[in-house]
Amino acid sequence: MPTKRIAMKAEINQRIAALLENPEIETVRVEVRTAFEVYRDAREKDVAVQREAFDKEERPAPESGEEPIRFEYKPDQEDVANDEMYKAFREREKAWRDKVATEQRANLDSKQAILNKLQELVANEEHIGKMFDAFKALTEEWNAVGNVPGDQYREIHDTWHRLRDEFFYNVNIYKQLQENDLQVNLKKKEGLIEQASQLENVTDLKEKEMLSRSYMKAWFDIGPKPQRDLPGACGHLLRIHKKSP
């Protein structure tokens, strides 16, 4: 086996070992996977070299009923070390994924409980002052909860925004803020649409995705606008968002 390739495999293993020293596997797992892929390519070249040598060997024909000798790759010390590190990496990555999934399920339960409280507030509370205090507390509680499972994200956040809009409608907030906060919100949302319309000029895909997500978050964070203005604006912004990667 060429000495150069052995040295290269040893260097890759050293790189992987150094990355795996990081206790936060989530911060290095992409780099680790890339390094393992590079090592796999190097090993496949070794397999090809050994197979070629095997095919060139002269060996007697097998006796009647005897199985022919088949090629079997002979791993070296670096291969063994790489396999051990890959096994350890997979175990750590699985533990991290399990932890994230557990945390997200707990966050989902927390947000469902907040939605239930908001639903009850919208349906039953009549004192506007108490409603706003309770709504502010629920909003802070909602924002403090982390991510939920990806397949539940849209549904639970759509429910939150729907209930939030119902809250503002039910306390007749639009009438009180029609010429003040609602008009300010309207101007902000018009500005967001103008900014979002420029996304097609952004060539960097990561930057485009980041901007698109920030515009969507900002849209919902702004709050309500006059119903008669910007009809279908949210849908328009969503269409722009979907065009980004």
Are any residues in segment 105-122 aliphatic (A, V, I, L, M) and more than 13 Å from Glu141 (Cβ to Cβ), and if so, which ones? Ala106, Leu108, Val122
Considering every residue within segment 25-43, establish whether at least one is out of contact with any His (no Cβ under 8 Å at 6 or more places or on another chain), modelled with pLDDT under 95 and outside any helix (DSSP H, G or I). yes
Could you run through segment 137-154 and say how many residues are surrounded by fewer than 15 Cβ atoms within 10 Å (Cβ to Cβ), modelled with pLDDT under 90 and either more than 21 Å from the chain's Cα centre (by Cα) or assigned to a helix (DSSP H, G or I) (or both)? 4
Arg164 passes all but one of (1) assigned to a helix (DSSP H, G or I); (2) out of contact with any Leu (no Cβ under 8 Å at 6 or more places or on another chain); which number fails? (2)
Would you confirm whether or not segment 61-77 contains a residue that is in a helix (DSSP H, G or I) and farther than 30 Å from Phe132 by Cβ? yes
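Whether any residue in segment 92-99 is basic (Lys, Arg), surrounded by 12 or more Cβ atoms within 10 Å (Cβ to Cβ) and touching a helix residue (DSSP H, G or I) at 6+ places or on another chain (Cβ under 7 Å) is what I want to check.
Yes, some residue in segment 92-99 is basic (Lys, Arg), surrounded by 12 or more Cβ atoms within 10 Å (Cβ to Cβ) and touching a helix residue (DSSP H, G or I) at 6+ places or on another chain (Cβ under 7 Å).
The values are calculated or read from the model by the stated rules, or taken from the named source; none is laboratory data. In this text, all values refer to a predicted model and were calculated from it rather than measured experimentally. Positions of Cβ are backbone-derived with ideal geometry, glycine not excepted, and every protein chain shown enters the neighbour counts.
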